[in-house]
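What follows is a single structure, written as structure tokens, with notes after it.
Bear in mind these aren't lab numbers, they're just calculated from the coordinates by the rules spelled out. What you see is a predicted model; the values in this text were computed from it and never measured. Note that each Cβ is placed from the backbone with ideal geometry, even for glycine, and that neighbours are counted across all protein chains shown.
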Amino acid sequence: MEHSDAARPPGGAIDCDVHITLPSTRVLLPHFEPYWREHITRRGLERESLDTTSFPANAPINGRPDWRQGTAPPGSSLAALRTHVLDRFQLRHAIGNVVNGAQVLFSEDLSAAYCRAINDWLKAEWLDRDPRLRASIVVPVHSAELAAEEIHRVAPDTRFVQVLMLAMAELPLGRRQTWPIYRAATEHGLPIGIHAGSSYRHPPSASGWGSYYLEDYVSHAQGFAAAMNSLVAEGVFQKFPTLKVVLMESGVSWLPAALWRLDKTWRGVRAETPWLEQLPTRIVREHVRLTLQPFDAPPTEAQLHTLLEQIGSDDMLLFSTDYPHWHFDGDAALPAGLPEALRQKICVDNPLATYPRLRM
């Protein structure tokens, strides 16, 4: 959709997805326990950044040219984040997400050590230096027990406002092996933020491994649909009725068709999931939220209004810039054609309702 006028968010908006990039493991060394610091330096891991191949650092889409800082990875400078997003849009808060391979290392103990160090680095180098910043708790997603321990350790710091997971993990996200993460999150009133990304324990496509980044990137919409289906069908929201899930960098245009198919199929096989006592669509609209960028909007405002009508809820969309990724131009942080009242809900009211800690 063309942006005839730059649609800036209202002052005091809350950005629900900015990326804080780890430049290398070297910056984490002061935050590792002595054993792990020695372990990592002996193996030479301090020279690695552990970038995920879901977000290769040099892919143009992962860093706008005007948001790059020389040779430093996009998203690794607090000064740049202030200039490009926090000050530029006069934000009340921005939620920082570290998407890093630390979450998906095969060694669960090493993964947990990395996640602890990242969370402590976030406190010291980002949250302590700007009161507008909030963050997601990075957890070792393939060890639910260790992830729950990290949630309990970090959650007393109320600047951490959600738990970060990736859309495509080793198991479907609704499986009961993952429930300790959701239990710990709900005990602390934390949403689960499910971000685009994969642990690559399985191909991102149901038909196997693609040859090009284009195939991988587009397949993430299918990964989000699968994650949502799993959470609903496995009864996660019945077990944890206060839980909110935020799909980040998921796009939104896939959702209406996915909801229609989910409702239609549930009617035919509902006997196998007796805990689902209402339409899956109602469950999703109550518990699931989506960040705005990248907003894969249709080409006309009339089609945009149709899409919003099909989503069927003004509560589901959350403002985000997806900084520093290259998903919108200039100051057009909101798509043209959004009703004024909806802009206010997306930018302020919905984030405050989704993240209780932002109201503290």
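Per DSSP helix of 4 or more residues, -39500 (n - 2.57); summed, then divided by the residues of the chain. What does that give at 222 nm, rounded to the nearest 500? The partial results should precede the final answer.
Details: 12 runs with 121 residues, N = 360.
The per-residue figure over the chain is -10000 deg cm²/dmol.
What is the order of Thr242, Thr41, fewest Cβ neighbours within 10 Å to most?
Numbers: Thr242 11, Thr41 15.
Fewest to most other Cβ atoms nearby, the residues stand as Thr242, Thr41.
For the stretch 317-360, take the convex hull of the Cα atoms, compute a quarter of its surface area, and give me that in nm², please.
Numbers: hull surface 15.0 nm².
With every direction weighted equally, the projected area is 3.7 nm².
Going through the stretch 263-300, which GluC sites (Glu not before Pro) have at most 15 other Cβ atoms within 10 Å and a DSSP loop state? Mind dumping the intermediate values first?
Working: sites: Glu272, Glu277, Glu286; in loops: Glu277.
Passing sites in the stretch 263-300 are Glu277.
Taking the number of other C-beta atoms within 10 Å as the exposure measure, put Met165, Met228 in order starting with the fewest. Write down the numbers at each step before the final one.
Values: Met165 25, Met228 28.
Least crowded to most crowded, the residues run Met165, Met228.
Could you point to the residue in Leu262, Pro156, Val85 farthest towards the positive end of the chain's charge dipole, with +1 and -1 charges on the Cβ of Lys/Arg and Asp/Glu respectively?
Of Leu262, Pro156, Val85, it is Pro156.
At q = 0.16, 0.19 Å⁻¹, what log₁₀ I(q)/I(0) does the stretch 103-224 have when each alpha carbon counts as one equal point scatterer in the Debye sum?
-0.79, -1.02
Mind telling me which of Gly44, Gly189, Gly70 comes out most flexible in a GNM of the chain, alpha-carbon contacts under 10 Å?
Among Gly44, Gly189, Gly70, the largest mean-square fluctuation in the Gaussian network model of the chain belongs to Gly70.
Expressed as a whole number of Å, what is the distance separating the alpha-carbon centroids of the stretch 156-230 and the stretch 71-85?
Between the Cα centres of the stretch 71-85 and the stretch 156-230 lies a distance of 26 Å.
Tell me the label-point distance for the pair Arg42, Leu342, using the 7 Å Cα-to-Cβ offset, in nm and rounded to one decimal.
For Arg42 paired with Leu342, the spin-label model returns 5.8 nm.
Grab the Cα-Cα distance for Ala206 and Leu279, subtract it from 0.36 nm times how many residues apart they are, and report the gain in nm with one decimal.
Values: separation 73, 0.36 × 73 = 26.28 nm, distance 2.62 nm.
Length difference between fully extended and current span is 23.7 nm.
I want the antiparallel fraction of DSSP beta bridges within the stretch 14-359, as a percent rounded to 5. Can you show the working numbers first?
Values: 2 of 27 bridges.
Here the antiparallel bridges make up roughly 5 percent for the stretch 14-359.
Among Asp349, Asp87, Asp15, which one shows the biggest mean-square fluctuation in a GNM of the chain, springs joining Cα atoms closer than 10 Å?
Top of the fluctuation ranking is Asp87.
Most exposed first by the Cβ proxy, i.e. fewest other Cβ within 10 Å, how do Ile346, Ile311 rank?
Working: Ile346 26, Ile311 19.
Ascending Cβ contact count within 10 Å gives the list Ile311, Ile346.
Using C-alpha positions alone, give me the convex hull volume of the stretch 14-359 per residue in cubic angstrom.
In the stretch 14-359, the Cα hull volume divided by residue count equals 135 Å³.
Counting Lys and Arg as +1 and Asp and Glu as -1, each charge on the Cβ, what is the dipole of the stretch 14-359 about the Cα centre in debye, to the nearest 20? The partial results should precede the final answer.
On the way: 34 positive and 39 negative charges, 90 e Å.
With only Lys, Arg, Asp and Glu charged at Cβ, the dipole is about 440 debye.
What does the charge dipole of the stretch 250-360 about its Cα centre add up to, to the nearest 20 debye, if the Cβ of each Lys and Arg holds +1 and the Cβ of each Asp and Glu holds -1? It would help to have the intermediate numbers written out before the result.
Values: 11 positive and 14 negative charges, 94 e Å.
Here the stretch 250-360 has a charge dipole of around 460 debye.
Mark the label point 7 Å from the Cα of Arg359 along Cα→Cβ and return the residues of the stretch 178-208 whose backbone N is within less than 20 Å of it.
Backbone N within reach: 185-193.
Could you check which residue among Thr158, Thr291, Thr83 shows the biggest mean-square fluctuation in a GNM of the chain with a 10 Å Cα cutoff?
Result: Thr83 has the largest fluctuation of those listed.
Out of Pro294, Ser111, Leu334, whose Cα points farthest toward the positive end of the dipole of the stretch 14-359 (charges: +1 Lys, Arg; -1 Asp, Glu; placed on Cβ)?
Value computed over the given set: Ser111.
Return the inverse of the average 1/r over all pairs of distinct C-alpha atoms in the stretch 145-299, which is the Kirkwood hydrodynamic radius, in Å to one decimal. Mind showing how you got there, number by number?
Values: mean 1/r = 0.0611 Å⁻¹.
Roughly 16.4 Å, rounded to one decimal.
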